[in-house]
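The structure appears right after this line, and notes come after that.
Where a number appears in this text, it was derived from the coordinates with a stated rule and is not lab data. Not measured: the values here are computed from a predicted model. Cβ atoms come from the backbone with ideal geometry, glycine included; neighbour counts cover every protein chain shown.
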Amino acid sequence: MQILIVDDEKNIRTGLSKALSLEGYQTVIAADGQEGWEVVNNTEIDLIISDLKMPKMSGEELLKKVTSAYPTVPVIILTGHGTVESAVQAMQNGAFDFVTKPINLDRLTLLVKRALSSRELHQKHEALKREVDQLRKQNDYGAIIGKSVKMRKMMEAIKQVADTKASVLITGESGVGKELVADAVHAFSSRSDGPYVKVHCAALSESLLESELFGHEKGSFTGAVSQKKGRFELSDHGTIFLDEIGEINAQVQIKILRVLQEKNFERVGGEQTISIDTRIISATNRDLKSEIESGNFREDLFYRLNVVNIEVPPLRERKEDIPLLMNAFLEEFNEENGKEVHGFSPKAQSIMYRYTWPGNIRELRNCIESSLVMCKGDMIDIVDLPVHVRNGVTDDQVSIQLGLSLGEAEKEIIKATLAFCKGNKSKTAEVLGIGRKTLHRKIQEYQLDES
């Protein structure tokens, strides 16, 4: 991390440079705003600390130029007691914060840490956006997001089976995104220009389901005031998606089996046989083999539906995809709600990564929407997360024994966080909210590399 210090008083700029260097930061110094602006344009700068009143170019003018050209580079303003109002105005114009002279180094160091953390989060947010866009291009399908091994294998299976006539059974827990997989199978198939009809079997009563699927003739039952085409007929030369197929009754199971075997059926109350060319995709969160054993599902229908099985992994088994999904949902709800939340604090990220997500992607999506609505700043923090999520993380908690010194407690926390992050020092520093050089110094101090 490289910090630019701009001040026309030599003692201040050199003194701050030495103090921040001792904290592990690289520094560049400039004697006025104009010189500082030249440095910004020719050097990779992560943070600017600038005086307000300077010759050639003032701090206000430098701030204006930086926020316009480099909006993600934070600026901390230095000011005398007589110009605090100007510093407050500078914050309204985009400065991260201000420090009054004489400078309190502890406060400045804390602000530097916060500003650089904010900058790093912005950069990661933008990097995740680019990664999501790249993955969508690679998958040729934007609705499914994932880079984990299981998701890559699933996408390969979707593309391989899509342009065949084979029936597909999609299995997985509630909320994993089975409908998106069905959408992708249809989208990649040669039937993509044909009709795509979805039926949520669990949402229809037994008395309605047969009529919805196969249609009915006028007068076939009370309320049948006219002829109606069913969903199978409407999906001719296309695809029908039967969601929650495990919920259908025995009578409807028999008729679906006939459609799979003979490609024809009659409407309810009708005698005319209707032939169709429809690709059937079905999905369930039930264990259909157990349903067969208990007599609730026909074995012959199961094998007809399950020519190709695509299993959608639960979110807890593809945790590397969580940051990508978090970012994608954040972008979606930012646009939907007219907000500009730029990311998640390290602690909020840690909670969301460690939570088991029993409701899978559906629960994660709802969590992001709720958190964004409740967020008052430009970053989602722990306090913004739903209570059940932030209280739902009980594993891997650090237990600190009473009576330890501050140094010993710090050692235990760093050691436990390193273990949780599987030795990844960049991730550890992010979770702890400290700089990477500070972490390396602490690791050497406590001899944690050896352990």
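The long axis of helix 322-337 is offset from the longest Cα principal axis of the chain by roughly 90 degrees. All C-alpha to C-alpha distances of segment 406-445, sorted into 5 Å bins beginning at zero, yield P(r) values of 6, 28, 38, 25, 3 percent in whole numbers. All Cα-Cα separations within segment 143-313 were binned at 10 Å from zero, giving a P(r) of 10, 39, 35, 14, 2, 0, each value a whole percent of the pairs.
Considering all C-alpha pairs of segment 224-370, those separated by over 17 Å amount to 71%. Here segment 215-279 has an Rg and Dmax of 12.1, 32 Å, counting Cα atoms alone.
Computed from Cα atoms, the angle from the helix 178-188 axis to the main principal axis of the chain rounds to 80 degrees.
For the chain, what's the relative contact order in percent, using C-alpha pairs closer than 8 Å and at least 6 residues apart?
It rounds to 12 percent for the chain.
Between the Cα long axis of helix 33-42 and the first principal axis of the chain there is an angle of about 40°, rounded to the nearest 10. For segment 1-132, the ratio of Cα radius of gyration to the globular rule of thumb 2.2 N^0.38 Å stands at 1.00. Once Rg and the Kirkwood radius are both taken over the C-alpha atoms of segment 324-399, their ratio Rg/Rh works out to 0.96. Taking other C-beta atoms within 10 angstrom as a stand-in for reagent exposure, HIS186, HIS122 fall in the order HIS122, HIS186, fewest first. Each residue of the chain gets 207 Å³ once the volume of the Cα convex hull is shared out per residue.
Counting only DSSP beta bridges with both residues in the chain, the antiparallel share comes to about 10 percent. Couplings 3J(HN,Hα) for segment 280-288, derived from phi with the Karplus relation 6.51 cos²θ - 1.76 cosθ + 1.60 (θ = phi - 60°), are 9, 10, 10, 8, 7, 9, 8, 8, 5 Hz, where x marks Gly and Pro.
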